[in-house]
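S.K.: Take this structure first; my questions come after.
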Amino acid sequence: MRADRVWTNARIATCSAGAEGLGVIEYGAIAATGGRISFVGPAKDAPGANEVIDCGGRWITPGLIDCHTHLVHGGNRAHEFELRLAGATYEEIARAGGGIVSTVAATRAASEADLVASALPRLDALIADGVTTVEIKSGYGLDLATETRMLKAARQLAHERSVEIVTTFLGAHAVPPKTASADAHIDAVVAMLPQVALHADAVDAFCESIAFSPAQTERVFAAAAAHGLRVKLHADQLSNSGGAALAARYNALSADHLEFTDVAGVAAMAAHGTVAVLLPGAYYFVRETQLPPITALRAAGVPIAVATDCNPGTSPLTSLLLAMNMAATCFRLTVEECLLGVTRNAARALGRDADIGSIESGKLCNLAVWDIERPAELVYRMGMSPLHARVFGGEMTGKCA
Ligand SMILES: [Zn+2]
């Protein structure tokens, strides 16, 4: 059958599960039909097509996936950053209106159109890195109206750019101001779920001594399950509260951060197929020194993903390529681990691995075409994107198209 479009004369890192390493095909071709991949293999075997694009020997990877962001939010925290560098204490910053409450106030004051407009430059930065899928969490509204508005703004971004958006409800992110207790806020989050479930693909929570306890997190997870939503968890970032094991017990798609996760947590994740999402941008920005249990994760065969955690407080990072460099430099992930971490394993962390994350027949034709000599360049460079072109749903698109 004749394809719509064929990219030929390419070096392809398929990142497919059955392949060795990155699943490299030299002198390869990819065909798209109806927005999906209809062929991938040696160029000499490629089908005829209405349009043939000669890639000039360039590398093609799956379109990259940023599987953990807080891209939609009001305001920013540059002033707080400035105060802290000048020696201000947390109390002084809080008195100056800083901290998560400042982002909650700015987000509550923003309209849906404001939230879309302020997120677009951040989204464009990710797109310029070859990203074709972005997960976006709510969690700066902490009331039904604003949480819903954040999720709708996130989904609207998919109509503004050629990109797939996956939304996550993070009502259990912090206890909002003027709320009696953390338990009272969990009551509110559970009550919000039937409404927000219409706009969310999954549910997340922040299980930490400064946020919500394992018991409170379980209440959110049980409510999510009752609404047919998969869960994810900000787990063990600042201390070991058993978050990774709790997430695994609820068949979470992923447990994220994991700096303080112990071997029991890693074993539980392995047993339940929970993806470990590592967030080196936050590790770097808060000057953390406790490394996530990389060796244990590898030994247990837990799939590892890498994401930006783009957020105004602890990771104002809008480059997935730089996140890969940080994962290699700070966490000593290999080039192969970094690349699979923003493709195949990131897709799995979103429950989207049937459709995206690797270059295989039947999957969506989301690709990144690179001006590089070898895949290691994607991890090695800091602050420069060698993206040549981006393909979304079989169409040449994005800034570099
Ligand atoms: Zn986060």
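The values are calculated or read from the model by the stated rules, or taken from the named source; none is laboratory data. For clarity, every value in this text was computed on a predicted model and none was experimentally measured. Neighbour counts are summed over all protein chains in view; Cβ atoms, including those assigned to glycine, are modelled from backbone coordinates with ideal geometry. To get the accessible areas, we keep the full protein, side chains included, count just its heavy atoms, and leave off ligands, DNA and RNA. Shrake-Rupley method; radii C 1.70, N 1.55, O 1.52, S 1.80 Å.
S.K.: Restricting the first residue to the stretch 249-265 and requiring it to be among the small types (Gly, Ala, Ser), which pairs with a second residue that is within 12 Å of the ligand (Cβ to nearest atom) meet a Cβ separation below 7 Å and a spacing of at least six or different chains?
M.R.: If the second residue must be within 12 Å of the ligand (Cβ to nearest atom), the pairs left are Ala252/Lys232; Ala252/Leu233; Ser254/Lys232; Ser254/Val277; Ala255/Leu233; Ala255/Ala235.
S.K.: Among the residues of the stretch 329-349 satisfying the criterion of being among the polar types (S, T, N, Q) and not in a helix (DSSP H, G or I), which is surrounded by the fewest Cβ atoms within 10 Å (Cβ to Cβ)?
M.R.: Thr334
S.K.: Still on this structure: So, of the residues in the stretch 250-268 that are more than 16 Å from the ligand (Cβ to nearest atom) and closer than 21 Å to Asp201 by Cβ, which turns out to be surrounded by the most Cβ atoms within 10 Å (Cβ to Cβ)?
M.R.: Looking at residues that are more than 16 Å from the ligand (Cβ to nearest atom) and closer than 21 Å to Asp201 by Cβ, I get Tyr250.
S.K.: Here's a check for you: in the stretch 225-246, which residue that is part of a helix (DSSP H, G or I) and either over 12 Å from Ser213 (Cα atoms) or within 16 Å of the ligand (Cβ to nearest atom) (or both) is most open to solvent (accessible area, probe 1.4 Å)?
M.R.: Ala226
S.K.: Further question on the same structure: Being over 25 Å from Ala235 (Cα atoms), at pLDDT 95 or above and hydroxyl-bearing (Ser, Thr, Tyr) narrows it down to one of Thr61, Thr69, Thr89, so name that one.
M.R.: Thr61
S.K.: When Tyr140 is evaluated against the numbered criteria (1) over 16 Å from the mean Cα position of the chain (by Cα); (2) away from the ligand (no atom under 16 Å from the Cβ), which criterion, by number, is the only one it fails?
M.R.: Tyr140 satisfies all of (1) over 16 Å from the mean Cα position of the chain (by Cα); (2) away from the ligand (no atom under 16 Å from the Cβ) except (2).
S.K.: Could I ask something else about it? Return the pairs, sorted by first residue and then second, in which the second residue is β-branched (Val, Ile, Thr) and assigned to a helix (DSSP H, G or I), the first residue lies in the stretch 111-126 and is within 13 Å of Arg155 (Cα to Cα) and open to solvent by less than 30 Å² (accessible area, probe 1.4 Å), the beta carbons are less than 8 Å apart, and the residues are 6+ apart or on different chains.
M.R.: From the stretch 111-126, the pairs are Leu115/Thr107.
S.K.: A follow-up question, please. Of these, Met326, Met384, Met396, which one is assigned to a loop (DSSP other than H, G, I, E, B) and either among the small types (Gly, Ala, Ser) or open to solvent by 10 Å² or more (accessible area, probe 1.4 Å) (or both)?
M.R.: So the residue among Met326, Met384, Met396 that is assigned to a loop (DSSP other than H, G, I, E, B) and either among the small types (Gly, Ala, Ser) or open to solvent by 10 Å² or more (accessible area, probe 1.4 Å) (or both) is Met384.
S.K.: Which of the residues that make up the stretch 139-164 are outside any helix (DSSP H, G or I), among the hydrophobic types (A, V, I, L, M, F, W, C) and out of contact with any Pro (no Cβ under 9 Å at 6 or more places or on another chain)?
M.R.: Val163 - this is the single residue of the stretch 139-164 that is outside any helix (DSSP H, G or I), among the hydrophobic types (A, V, I, L, M, F, W, C) and out of contact with any Pro (no Cβ under 9 Å at 6 or more places or on another chain).
S.K.: Any idea which of (1) part of a strand (DSSP E or B); (2) under 23 Å from Gly265 (Cα atoms) is the one Glu288 doesn't satisfy?
M.R.: Here Glu288 clears every test but (1).
S.K.: Search the stretch 269-301 for residues being over 17 Å from the mean Cα position of the chain (by Cα) and of a type in the set (Val, Ile, Thr), and hand back the single one that is least open to solvent (accessible area, probe 1.4 Å).
M.R.: Ile294
S.K.: Could you grab me the full set of residues in the stretch 359-401 that are free of Cβ contacts under 8 Å to residues at least 60 places away in the same chain and touching a Cys at 6+ places or on another chain (Cβ under 8 Å)?
M.R.: Correct list: Val379, Ala389.
S.K.: While we're on this one: Does Ile65 satisfy the condition of being touching a residue at least 24 places away in the same chain (Cβ under 8 Å), within 16 Å of the ligand (Cβ to nearest atom) and either surrounded by 15 or more Cβ atoms within 10 Å (Cβ to Cβ) or assigned to a strand (DSSP E or B) (or both)?
M.R.: For Ile65, the condition - touching a residue at least 24 places away in the same chain (Cβ under 8 Å), within 16 Å of the ligand (Cβ to nearest atom) and either surrounded by 15 or more Cβ atoms within 10 Å (Cβ to Cβ) or assigned to a strand (DSSP E or B) (or both) - is met.
S.K.: Since Ile210 meets every condition but one in (1) open to solvent by 50 Å² or more (accessible area, probe 1.4 Å); (2) of a type in the set (A, V, I, L, M); (3) within 16 Å of the ligand (Cβ to nearest atom); (4) farther than 28 Å from Ala145 by Cβ, which condition does it not meet?
M.R.: Going through (1) open to solvent by 50 Å² or more (accessible area, probe 1.4 Å); (2) of a type in the set (A, V, I, L, M); (3) within 16 Å of the ligand (Cβ to nearest atom); (4) farther than 28 Å from Ala145 by Cβ one by one, Ile210 breaks only (4).
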